[in-house]
């Protein structure tokens, strides 16, 4: 089980990563930090393109980077959206991709610049995930 201090640290790394996001069109920076099974942390940022469909979400950026590094099991995820006062969770595509590499009970934290944060699990964000339903 991931401890609160560990999630706090993971979120701090997501917030720091968000500073490097490339968001000249939306002005909406996102940073993500993944805790890998081996204890390492991999971060990612959103990378926009003037053709919005070609933009890359921070969460999928982090996941692809981790896989490139040979890491395929993630224990926790933190997402920072400093340009929003309210917490903003991962989009549906990111939820689907992340569920490929995370157990349903893996913790997920997301927050904006305001005082509110959401602590959830990947399973709560993507209920009825067929990957786990078919295994059961």
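All of the numbers you see were taken from the coordinates with simple rules; none came from a lab. What you see is a predicted model, and the numbers here were worked out from it, not measured in a lab. Positions of Cβ are generated from backbone atoms using ideal geometry, with glycine treated the same way; all protein chains shown enter the neighbour counts.
Taken over region 113-127, the criterion of being under 13 Å from the mean Cα position of the chain (by Cα) and surrounded by fewer than 18 Cβ atoms within 10 Å (Cβ to Cβ) is satisfied by 118, 119, 120, 121. For region 55-73, a residue qualifies if it is without any contact (Cβ under 8 Å) to a residue 24 or more places away in the chain and either under 12 Å from the mean Cα position of the chain (by Cα) or within 19 Å of residue 84 (Cβ to Cβ) (or both), and the qualifying residues are 55, 56, 64. Condition (residue is touching a residue at least 40 places away in the same chain (Cβ under 8 Å) and more than 22 Å from residue 116 (Cβ to Cβ)) applied to region 38-54: is it met by at least one residue? Looking for residues that are touching a residue at least 40 places away in the same chain (Cβ under 8 Å) and more than 22 Å from residue 116 (Cβ to Cβ), one finds none in region 38-54, hence no.
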